[in-house]
1. Quick check, is Val37 at pLDDT below 95 and either surrounded by 15 or more Cβ atoms within 10 Å (Cβ to Cβ) or among the small types (Gly, Ala, Ser) (or both)?
2. Going by what's in this entry, would Lys114 be described as over 18 Å from Leu238 (Cα atoms), not β-branched (Val, Ile, Thr) and not in a helix (DSSP H, G or I)?
3. Is it the case that segment 113-123 has a residue that's over 22 Å from Phe217 (Cα atoms), surrounded by 19 or more Cβ atoms within 10 Å (Cβ to Cβ), β-branched (Val, Ile, Thr) and at pLDDT 95 or above?
4. Evaluate segment 184-203: report whether one residue or more is in a helix (DSSP H, G or I) and among the small types (Gly, Ala, Ser).
5. Quick one: which of Val72, Val47 is out of contact with any Pro (no Cβ under 8 Å at 6 or more places or on another chain), not in a strand (DSSP E or B) and not charged (D, E, K, R)?
6. Would you check which residues across segment 75-99 are in contact with a helix residue (DSSP H, G or I) (Cβ under 6 Å, 6 or more places away or on another chain) and either assigned to a helix (DSSP H, G or I) or free of Cβ contacts under 8 Å to residues at least 40 places away in the same chain (or both) and list them?
7. Quick one: would you say Ala222 is assigned to a helix (DSSP H, G or I), hydrophobic (A, V, I, L, M, F, W, C) and closer than 19 Å to Ser113 by Cβ?
8. Out of all the residues in segment 205-220, is one or more crowded, with 18+ Cβ neighbours inside 10 Å, under 18 Å from the mean Cα position of the chain (by Cα) and β-branched (Val, Ile, Thr)?
Amino acid sequence: MHPSVVVYLEHDGKVLLVNEEGNGPAHPVKGRTASSVQLRFPTLREVETMGIQYEEKAKLRLRYDDASYTVVKAYPKIEWPKNWAWKDACVSDNVVHPVARDAIYRSIHRLVSKVMVCNEEGMVLMGKVERGHFHGFWTLPGGYMDHDEHPATGCVRETLEELGLSIVLDDVEPVITQRIFNDEGISFVSFTYRSTWNGDLSELTLQTEEISEAAWFSPQVAFEQAVSHFDRQALRSLL
């Protein structure tokens with residue numbers, strides 16, 4: 001049976017895995033499809049037995065239908081452990097326990113790119129969302145970045161897709177914000193840019209299954225009604 005509490009030690013892309021008896025370091029094999037689970041993160045006691053000191057960063061809660069696990073995310077206070085496993089190799093080995101693979105997957109940043117479209121009167125363009133986390137609320141244009149996409153490209157693409165509006169970004173640095181919102185440990189990083197557009201709302205072509213309405217708001221009103229932490233952080237720069 002897998003331990004209820006384990007330690008996810010990571011040092012510059014290397015992670016510590018052990019076998020079912022708690023001995024390690026163990027190494028994954030890419031593409032292995034064996035059905036038995038053999039490799040996992042060590043327990044607190046096993047890390048202590050190895051004499052590894054660490055700095056705790058966070059605790060993740062992994063919840064499945066029949067079980068719940070606590071993963072202590074930590075940085076080991078040792079030299080770079082070249083004999084540990086590469087974290088990217090763990091995902092493709094079926095022998096690595098899902099708790100380890102899931103925790104590693106959650107350690108990868110989710111990237112979001114957004115834009116504050118403003119007119120010459122200082123008003124901010126927002127859209128009312130029809131799906132996802134912010135259904136029914138007003139947000140800035142933008143969304144998840146494609147895998148191979150620069151954030152300055154992502155927000156331009158998203159604005160065209162959502163509002164039918166082709167924009168050019170202003171020559172200012174984006175507002176960059178990072179946050180983990182719950183104990184599942186998924187980290188989001190947002191890049192919010194600025195753009196100037198003095199057109200009329202009648203010129204927009206909304207992707208109605210995603211955005212039901214668009215409107216101009218003063219920066220203060222936009223800030224007050226924004227429910228996205230990233231939108232609020234960006235709009236604060238206009239106040």
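The values are calculated or read from the model by the stated rules, or taken from the named source; none is laboratory data. Note that the coordinates shown come from a computational prediction; the quantities given were computed from them, not determined experimentally. Virtual Cβ from ideal backbone geometry, glycine too; neighbours counted across all protein chains shown.
1. Numbers: at pLDDT below 95: yes; either surrounded by 15 or more Cβ atoms within 10 Å (Cβ to Cβ) or among the small types (Gly, Ala, Ser) (or both): yes.
So Val37 fits the description; yes.
2. Values: over 18 Å from Leu238 (Cα atoms): no; not β-branched (Val, Ile, Thr): yes; not in a helix (DSSP H, G or I): yes.
Answer is no for this residue.
3. Scanning segment 113-123, I find no residue that is over 22 Å from Phe217 (Cα atoms), surrounded by 19 or more Cβ atoms within 10 Å (Cβ to Cβ), β-branched (Val, Ile, Thr) and at pLDDT 95 or above, so the answer is no.
4. yes
5. Every option except Val47 fails the conditions.
6. Hits for segment 75-99 are Lys87, Cys90, Val91.
7. Against the criterion (assigned to a helix (DSSP H, G or I), hydrophobic (A, V, I, L, M, F, W, C) and closer than 19 Å to Ser113 by Cβ), Ala222 qualifies.
8. Checked segment 205-220: no residue is crowded, with 18+ Cβ neighbours inside 10 Å, under 18 Å from the mean Cα position of the chain (by Cα) and β-branched (Val, Ile, Thr).
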